[in-house]
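Each remark here refers to the structure printed beneath this line.
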């Protein structure tokens, strides 16, 4: 009987520790601004995040909403898992779209990337671990996203992407500019 009581006691102690650890995690409160920094860091450090993906997020009351597009199904799963594991995240709404898996789209991605990043205006970006211009290709339609320094760079990226060939229709240039030209 002593043996059974000892084991029962150990089980009760382990259960109590598990419950207190769970309630401690639930009690973690992090500001939305701090949570946004952590989400941004986790997504940026994800080793498979490339110029073929465009992921954005919003944080409100500990709830994280992922949006954008990824080039592979496993990336959607991985990114949601990463964000869900951040202390203070109450819930995750995963609205990431998985782009079609297509050899044609893959060739177009490479052609557009070569056209943009071989331009002298973009050589400084080409050596970055994650260059700032993201190339989203969906069924032959190209959209540029990300951030560049100037209006000139935005325009050059659009022209180079349009000249890469194989695209169905005009390239959508949604690049943001850090230092827009001053209007007179």
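Observations, loosely collected:
- All strands (runs of 3 or more DSSP E) inside the range 38-156 with 3 or more residues being touching a helix residue (DSSP H, G or I) at 6+ places or on another chain (Cβ under 9 Å) and under 17 Å from residue 171 (Cα atoms): 133-138, 141-148
- Meets criteria (touching a residue at least 60 places away in the same chain (Cβ under 8 Å) and in the same structural domain as residue 46 (by TED's automatic domain parsing)) for residue 146: no
- In the condition set (1) buried (at least 17 other Cβ atoms within 10 Å of the Cβ); (2) at negative phi, residue 151 is compliant with all but (1).
- Flag for residue 161 being under 23 Å from the mean Cα position of the chain (by Cα), not in a loop (DSSP other than H, G, I, E, B) and not assigned by TED's automatic domain parsing to the domain that holds residue 39: yes
- Here residue 79 meets each of (1) over 23 Å from residue 36 (Cα atoms); (2) surrounded by 13 or more Cβ atoms within 10 Å (Cβ to Cβ) with one exception, condition (1).
- Scanning the range 57-93 for residues that are within 20 Å of residue 146 (Cα to Cα) and touching a strand residue (DSSP E or B) at 6+ places or on another chain (Cβ under 6 Å) gives 57, 58, 65, 66, 67, 68, 69, 70, 76.
- Which numbered condition residue 90 misses (of (1) assigned by TED's automatic domain parsing to the domain that holds residue 55; (2) more than 17 Å from the chain's Cα centre (by Cα); (3) surrounded by 21 or more Cβ atoms within 10 Å (Cβ to Cβ)): (3)
- Of all the numbered requirements in (1) in the same structural domain as residue 50 (by TED's automatic domain parsing); (2) buried (at least 18 other Cβ atoms within 10 Å of the Cβ), residue 113 misses one, and that requirement is (1).
The values are calculated or read from the model by the stated rules, or taken from the named source; none is laboratory data. Please read all numbers here as calculations on a predicted model, not as lab measurements. Virtual Cβ from ideal backbone geometry, glycine too; neighbours counted across all protein chains shown.
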